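What follows is a single structure, written as structure tokens, with notes after it.
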Amino acid sequence: MTEALTIRSLTTTTELEDVRALESRVWGEEEATPVHQTLTAVKNGGLVLGAFLDEKLIGFQYSFPGFDGNCVYLCSHILAVDPAYRSMGIGAKLKHAQRQESKKKGYSYISWTYDPLESANGYLNIGKLGAVCSTYIENCYGDMNDPLNADLPSDRFVVEWASAEDTKQAQLLYTPDQIMDASLIQWTLTDEGFPSVTDIDEKWLDHDVVSVAIPSAFQQMKEVSPSLALDWRMRTRRVFQTCFAKGFQVTNFMKYPGSSAPVHFYILTKKEVQK
């Protein structure tokens, strides 16, 4: 079905009204991004891409210019796919189209934020796209009331993705069992089948490669056991901040084998040993 998918830039008020409606439907927000904001962005170096199937808008990506003090980059703000068309690789296709447009516009890299405990986003952003991260922001957006973020601090990774496509992603050099053994976070299963942190093993910080376990089904965990979800938020916050302070960078993501695996893993490597 995705062979018929088309992705193009959106610039008209009518197109951006459709984007706003889809954003509200996907994120459950009463106040989606105003059209006057997205329209102003696309007229001033920003970008709104729409994914269409049979002329129906089923996904979009919205970004605008940013400046880090040295260079101008593209700040990727929102990506959404209609729930009826999930698991078809549309998000990845939108990101690759965004990368092509970013390079055409002269941006050196693309940056965005996401919740590090959302394993599907970790797999896409780090595992498939090859973005990297060494910045963790506590409660980045303050209290958020949408279904995905309510009742938890809105902690975020800030990732960077080079506009040029000649960058190489760090390779997984270890087996799944070795990655699990090297995890800073040790865990056990609760009666409900969710992972629960039992210990943080900091001896691995002396190595050049470490892994960090996260729940594979964080939203389901939050619904069943909010206190357990909050514990994972606070424990992983400490672990990632410690790793980044010691010169580690998130460079890959590994889904642990098995369709019902309770955890997946981020792979972190020391910056000075990356090639």
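Close contacts from the range 8-29, counting a first residue that is farther than 14 Å from residue 56 by Cα and part of a loop (DSSP other than H, G, I, E, B) and a second that is among the β-branched types (Val, Ile, Thr) and open to solvent by less than 40 Å² (accessible area, probe 1.4 Å), with Cβ to Cβ under 6 Å and a gap of 6+ residues or different chains, come to 11/42. Checked against (1) under 23 Å from the mean Cα position of the chain (by Cα); (2) part of a helix (DSSP H, G or I); (3) farther than 23 Å from residue 104 by Cβ; (4) at pLDDT 95 or above, residue 58 meets all criteria but (2).
Candidates are the residues of the range 116-137 that are in a loop (DSSP other than H, G, I, E, B) and open to solvent by 10 Å² or more (accessible area, probe 1.4 Å); the one that is nearest to residue 223 (Cα to Cα) is 118. Checked against (1) in contact with a Ser or Thr (Cβ under 9 Å, 6 or more places away or on another chain); (2) of a type outside the set (S, T, N, Q); (3) open to solvent by 40 Å² or more (accessible area, probe 1.4 Å); (4) farther than 27 Å from residue 109 by Cα, residue 53 passes all but a single condition, namely (3). Scanning the range 77-96 for residues being touching a residue at least 40 places away in the same chain (Cβ under 8 Å), small (Gly, Ala, Ser) and buried (at least 19 other Cβ atoms within 10 Å of the Cβ) gives a total of 1. Restricting attention to the range 188-209, does a residue exist that is in contact (Cβ under 8 Å) with a residue 12 or more places away in the chain, of a type in the set (S, T, N, Q) and under 16 Å from residue 157 (Cβ atoms)? The answer is no; no qualifying residue exists. The set of residues in the range 76-93 that are out of contact with any Ser or Thr (no Cβ under 8 Å at 6 or more places or on another chain) and outside any loop (DSSP other than H, G, I, E, B) comprises 79, 80, 81, 83, 84, 85, 91, 92. Of the residues in the range 94-109, not one is part of a strand (DSSP E or B) and either closer than 25 Å to residue 256 by Cβ or touching a Lys or Arg at 6+ places or on another chain (Cβ under 7 Å) (or both). Looking only at residues in the range 187-204 that are surrounded by 16 or more Cβ atoms within 10 Å (Cβ to Cβ) and not hydroxyl-bearing (Ser, Thr, Tyr), the one that is farthest from residue 239 (Cα to Cα) is 194. Taking the range 215-229 as the range and being within 19 Å of the chain's Cα centre (by Cα) and either farther than 15 Å from residue 121 by Cβ or not aliphatic (A, V, I, L, M) (or both) as the test, the residues that pass are 215, 216, 218, 219, 220, 221, 222, 229.
Taken over the range 107-127, the criterion of being in contact (Cβ under 8 Å) with a residue 24 or more places away in the chain and out of contact with any strand residue (DSSP E or B) (no Cβ under 8 Å at 6 or more places or on another chain) is satisfied by 118, 124.
The values are calculated or read from the model by the stated rules, or taken from the named source; none is laboratory data. Note that the structure is a prediction, hence the values are computed from the model and not measured. Positions of Cβ are generated from backbone atoms using ideal geometry, with glycine treated the same way; all protein chains shown enter the neighbour counts. Heads up: the accessible areas ignore ligands, DNA and RNA and are worked out on the full protein's heavy atoms, side chains in. Shrake-Rupley method; radii C 1.70, N 1.55, O 1.52, S 1.80 Å.
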